[in-house]
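Here's the structure, in C-alpha cells; my notes come after.
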Amino acid sequence: MRDAIRHGRFEPGGRVPSTRSLAAELGVARGTVSRVYAQLTAEGLLLTRPRGAVVVAPNAHFTRRDAARHPSDANKWRYNLKPGAPDLSEFPISLWLASMREATKCSWTVLSYGDPRGSPELRNALATYLGRARGVVADPELIFVCSGTADVLGTVAETLRPGPIAMEDPGTDYLRNVVHSLGAQVVPLPVDEEGASGNPGEVRAAVVTPAHQFPLGMALSPSRRTALVQWAAQADGFIVEDDYDGEFRFAHDPLNVMQALSPDRVLYIGTASKCLAPALRMAWAVVPPRLAERFLAVRRWRITVPTLDQLALAVLIESGRFDRHLHRRRRAYRARRDQLGAMLGSVAGGFRALGIAAGLHAVIELPETGPTEGSVISAAERLSVGLEGLRDHWHSQARTQGIVVGYSRPPEHAWPGALGALRQALEAAFP
C-alpha cells in the first residue's frame, strides 16, 4: 500500500478499498488491514473522511527515486524467512495501547529526562520478571534500559575500552561489526557441539549466547558454563550473556541463565525485539556491581528509550499481559518448528534442522555433496523467498555450510505458502 501510494498507483485524493473488501481480496484478517490503514494514516499517507471513506492524502505522492532512498529488505520478498524478528502481525497492539493508556495516568514528574539507567517502574518490573522467568539475580539498581542489544554491546565496549572482546564464531555479524566500529578488537571464540569455548584467552570480556547459540542453535553445556565462569574469575574478565530469545524454549523448561552462577562476573542482556517487536528499540542489561559506575558514566551520554514506552512495558509485565502474550506466541512458534522439521524430513536428499529446541530460527544442515548455500539462496530468490546462509556469520572463512531459516517472521496466513516455497527452493537446488 505504501509503495503503491508513493509510486502514484493510488492517486492523491482517491479512495482506497474498504478494509472489508481488501481483507477478502488478500485473504487476511480485517483487523490486519485496519491496523495497516491506521499506520498509513499516522504516516500522513491516508486521510479518513466523514462517513468512513478513506482516501489518499493530497500530498502523499512520492517519486520512485524518493521511495528508492528507503529500501526495505522486509518488503523485498514475498516470503521473508530471514532470522531476527517475530511475526509482527501478532504484536499485541490492543494490550500495548491499554498499557500505554495506563502509563499516561502517571505523575507529571516522570515526564522529565529521568534516570539514565531507565525508569524505576520498568527496572522494578524487570527485576521481578527476570528473577521469576529466567532465574536472573536482578537488583533494580543494577538494571539499565537501553535502545537495543547493539546499544548494550556498544556501552560494554566503551566501558571496557581498550581491552579486546571475544565473540562467538560463528556469531551475529551485525553485533560483531558494532563492537569493532567502536575501536574494540574482536577475537573469535570457537563454537562446537557444546557451544562456545570455555577459554576465551586474554580478553576483557566474552560475549556468548548460552540458551540458544546464534546461529547454530545449541545450548551451552554445563561444563562449558562452569569453565567460562572460572575463566572470568581467574582472568579478571567478564561474560556478556546475550539471552536474545530465551523466552522461547520448546524441548523442556527454560534453562536458567549463566548470570545466576556468577552475578559479579556475568552481564545479562535481554530484549523486547523477539518477544514483542524490534521497533520498540528496548533491551535491558543487568550489570555486575563492579561495572555499574563505569557503565553509568557511559550511559549518561547515550540516548535512552522514551519514558512512556518504558512505563507501558512495565504495566504490560506487571498486569500479566506480557506472560499471556508469550504463552500464545510460544505455542504458535512450536507448531511452526514442528511443521518445518516434518517438511525437511520429507524432502529428498536428507535435509534436517539443527538448533530447534528453542528460539525463532533453525539451521538447515547441507550435505557435503551439495547443494551449496549459494545454490539454495539463488533458488529461493527466484521464488521470492528471503533466506540467509551461515557464511556471513563466520569471522573469517566459513567452515560449515547451512541455511538459517527464521520461521517466526511470516504472518500466520502466509506460513503454509512460505513453507511450501522453501521446499520448492530446496528441491530445485538439489544436485
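The values are calculated or read from the model by the stated rules, or taken from the named source; none is laboratory data. Since the structure is predicted, the reported quantities are computational estimates derived from the model, not experimental observations. Neighbour counts are summed over all protein chains in view; Cβ atoms, including those assigned to glycine, are modelled from backbone coordinates with ideal geometry.
Of the residues making up the stretch 368-405, those that are assigned to a helix (DSSP H, G or I) and within 22 Å of VAL179 (Cβ to Cβ) are LEU390, ARG391, ASP392, HIS393. Among the residues of the stretch 169-187, those identified as outside any helix (DSSP H, G or I), closer than 16 Å to GLY84 by Cβ and not β-branched (Val, Ile, Thr) are PRO170, GLY171. Only one of the listed residues (PRO116, PRO140, PRO86) is in contact with a Lys or Arg (Cβ under 6 Å, 6 or more places away or on another chain), buried (at least 19 other Cβ atoms within 10 Å of the Cβ) and not basic (Lys, Arg). That residue is PRO86.
Got at least one residue in the stretch 224-232 being within 24 Å of the chain's Cα centre (by Cα), crowded, with 24+ Cβ neighbours inside 10 Å and of a type in the set (A, V, I, L, M, F, W, C)? No: the stretch 224-232 contains no residue that is within 24 Å of the chain's Cα centre (by Cα), crowded, with 24+ Cβ neighbours inside 10 Å and of a type in the set (A, V, I, L, M, F, W, C). Among the residues of the stretch 188-206, those that are under 17 Å from MET218 (Cα atoms) and either in a strand (DSSP E or B) or among the hydrophobic types (A, V, I, L, M, F, W, C) (or both) comprise LEU189, PRO190, VAL191, ASP192, GLY195, ALA196. Annotation: of all residues in the stretch 89-111 being modelled with pLDDT of 80 or more and outside any helix (DSSP H, G or I), the one that is farthest from ALA38 (Cα to Cα) is LYS105. The set of residues in the stretch 271-304 that are touching a helix residue (DSSP H, G or I) at 6+ places or on another chain (Cβ under 7 Å) and closer than 26 Å to ARG331 by Cα comprises THR271, ALA272, CYS275, ALA277, LEU280, MET282, ALA283, TRP284. Taken over the stretch 128-156, the criterion of being assigned to a helix (DSSP H, G or I) and either acidic (Asp, Glu) or more than 21 Å from the chain's Cα centre (by Cα) (or both) is satisfied by THR128, GLY131, ARG132, PRO140, GLU141, LEU142, ASP151. Of all residue pairs spaced 6 or more apart or on separate chains, those with beta-carbon atoms under 6 Å, a first member in the stretch 112-135 that is closer than 18 Å to PHE295 by Cα and a second member that is surrounded by fewer than 16 Cβ atoms within 10 Å (Cβ to Cβ) are PRO116/ARG300. Screening the candidates THR226, THR209 for the property of being of a type in the set (Val, Ile, Thr) and over 23 Å from GLY154 (Cβ atoms) yields one hit, THR226. If you go through the stretch 333-367 and keep only what is more than 14 Å from GLY217 (Cβ to Cβ) and part of a loop (DSSP other than H, G, I, E, B), you end up with VAL347, ALA348, GLY349, GLY350, PHE351, LEU366, PRO367. Of the residues making up the stretch 374-397, those that are more than 13 Å from ASN80 (Cβ to Cβ) and either free of Cβ contacts under 8 Å to residues at least 12 places away in the same chain or surrounded by fewer than 15 Cβ atoms within 10 Å (Cβ to Cβ) (or both) are GLY374, ARG382, ASP392, SER396, GLN397.
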